[in-house]
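Report on the structure given below.
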Amino acid sequence: MSLALQWAAKGMYITAPNPRVGCVIVKDGMVIGAGHTQPAGQAHAEVQALRTAAECGADVRGATVYVTLEPCSHFGRTPPCADALVQAGVARVVAAVGDPNPLVAGQGLARLRAAGIAAECGVLESEARELNIGFFSRMQRGRPWVRLKAAASLDGKTALHNGLSQWITGEAARADGHAWRARASAVLTGIGTVKSDDPQMTVRALDIPRQPQRIVVDRNLELAPQARILHGGGALVVTARSDANKEAMLREQGAEILLLPNADGKVDLPALMQELGKREVNELHVEAGSRLNGALIEAGCVDELLLYLAPNLLGDAQGLFDLPALEDLEGRKKLAFHEFSRIGADLRILARFV
């Protein structure tokens, strides 16, 4: 199963909106086939593994299949993988974790058992869930897993008062940040960041087959048509104010306009998360300023913080999160440290809200 998880990780940047799944076929103590899920509409991991076994002339009848997610049992973009395993004549299937998709949810394992195949589930389950944390979030909560990324000095400052921030962290940390950006289905920022930095919000440190969708939260439709985040088309501009002329100019640049106002005349952030879930966004990567960062946290929209801390001090400067002042410690936002890593000269911290 550990090897199957390694195969699943090979699909890190290509499988969305499908989960990242790996499969290994073993017979007489030997691996005779292996594969991972391909881009949507193409073969799933089990079919890929069966194909590699066939290409090597291996007979899979009586073999054991290790797969990181319960084989699907429904017709989606491809036929059911459970049926493919039954037709191949394998003897045993071991899944790391059950499929949270209501269209499967145990039915894949049931179909295998009904065909006389021994089927088990629950091997390296936490590792398999972690690899597909966004897929599980979308299937179980109807919204993506939201990761908020920020880079700061040791005293928690993200930029000088004049806006200068390039670069607080080192090159290795910036490249690592691009890897996290690349694994997301979409990247979200705010109009403040666009106006101050004019970012592209694309993945440039890795060679990947697809770019995450770019999303701008722009309450008053201030986004300029020449902004670099619109280059190439496909950006989603989320606003609380309708303006036919501005919308027309942005649509000419290939942008889509989504009107989502809340009762206060701001963008309804929880509603946006639900909308992105409907659009099959598994992981949402946020790179924004302190105001939008704080608003997302206050609205309960952020699942984890991805923080890069540089070994320097900036003093009185811009902070990470614009959050309201507290009168006592009972109101503090609580997180649990999930992972620490040294990235070049900087420290990477992954912390999750509890």
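On the principal axes of its alpha-carbon atoms, region 239-354 has extents of 47, 38, 33 Å, going from largest to smallest. Taking the Cα centre of region 210-354 as origin and assigning +1 to Lys and Arg Cβ atoms and -1 to Asp and Glu Cβ atoms, the resulting dipole is close to 380 debye.
When the Cα convex hull of region 96-195 is projected onto planes of every orientation, the mean area is 9.6 nm². Derived value for region 1-104: Kirkwood hydrodynamic radius 13.2 Å. Basis is the mean of 1/r over every pair of different alpha-carbon atoms. The residue list Ala58, Met249, Gly29 was ranked by how far each Cα lies along the charge dipole of the chain toward its positive end, using unit charges on Cβ atoms, and Ala58 comes out on top.
Take Glu120: with every protein chain present and a 1.4 Å probe, its accessible area is about 80 Å². In the structure shown, the pairs Lys149/Lys333; Lys195/Lys278; Lys246/Lys266; Lys149/Lys266 are assessed against 20 Å; a Cα-Cα span above that value is assigned to Lys195/Lys278; Lys149/Lys266. Under the convention that each Lys and Arg Cβ holds +1 and each Asp and Glu Cβ holds -1, the size of the dipole of the chain around its Cα centre is about 540 debye. When the surface is traced with a 1.4 Å probe over the full set of protein chains, Cys72 keeps roughly 10 Å² accessible. Largest first, the residues Glu55, Glu130 sort by 1.4 Å accessible area into Glu55, Glu130.
For the chain, the C-alpha radius of gyration divided by 2.2 N^0.38 Å, with N the number of residues, is 1.10. Farthest towards the positive end of the charge dipole of region 289-344, among the residues Ala317, Leu292, Ile343, is the Cα of Ile343, using unit charges on the Cβ of Lys, Arg, Asp and Glu. Other residues lying with their Cβ under 12 Å from the Cβ of Asp346 contribute a combined charge of +1, Lys and Arg counting +1, Asp and Glu -1.
Think of each Lys and Arg Cβ as +1 and each Asp and Glu Cβ as -1; about the Cα centre, that makes the dipole of region 75-183 roughly 360 debye. Once you treat every alpha carbon in region 66-139 as an equal point and sum by Debye, what is log10 I(q)/I(0) at q = 0.27 Å⁻¹? Computed log10 I(q)/I(0) values: -1.28.
Solvent exposure of the chain, expressed per residue, is 46 Å² of accessible area, with all protein chains present and a 1.4 angstrom probe. Pairs of C-alpha atoms in region 141-223 farther apart than 18 Å represent 51 percent of all such pairs. Check the straight Cα-Cα distances from Lys157 and name the aspartates and glutamates below 16 Å, setting aside those fewer than 8 residues away within the same chain. Partners found: Glu287, Asp316, Asp322, Asp346.
What is the percent carbon and sulfur in the accessible area of region 193-351, measuring with a 1.4 Å probe over the protein chains and ignoring ligands? Summing carbon and sulfur atoms, their accessible area is 48 percent of the total for region 193-351. When the Cα convex hull of region 160-279 is projected onto planes of every orientation, the mean area is 8.5 nm². For the chain, modelled as a GNM whose springs connect Cα atoms under 10 angstrom apart, the maximal fluctuation among Leu276, Leu206, Leu307 occurs at Leu206. Dipole orientation for the chain: of the candidates Leu259, Ala49, Leu160, Ala49 has the Cα lying most toward the positive pole (charges on Cβ; Lys, Arg +1; Asp, Glu -1).
The values are calculated or read from the model by the stated rules, or taken from the named source; none is laboratory data. All values derive from a computational prediction rather than experimental measurement. Ideal geometry is used to build each Cβ from the backbone, glycine not excepted, and the neighbour counts take in all protein chains shown. Keep in mind that these areas ignore ligands, DNA and RNA; they rest on the heavy atoms of the full protein, side chains included. Shrake-Rupley method; radii C 1.70, N 1.55, O 1.52, S 1.80 Å.
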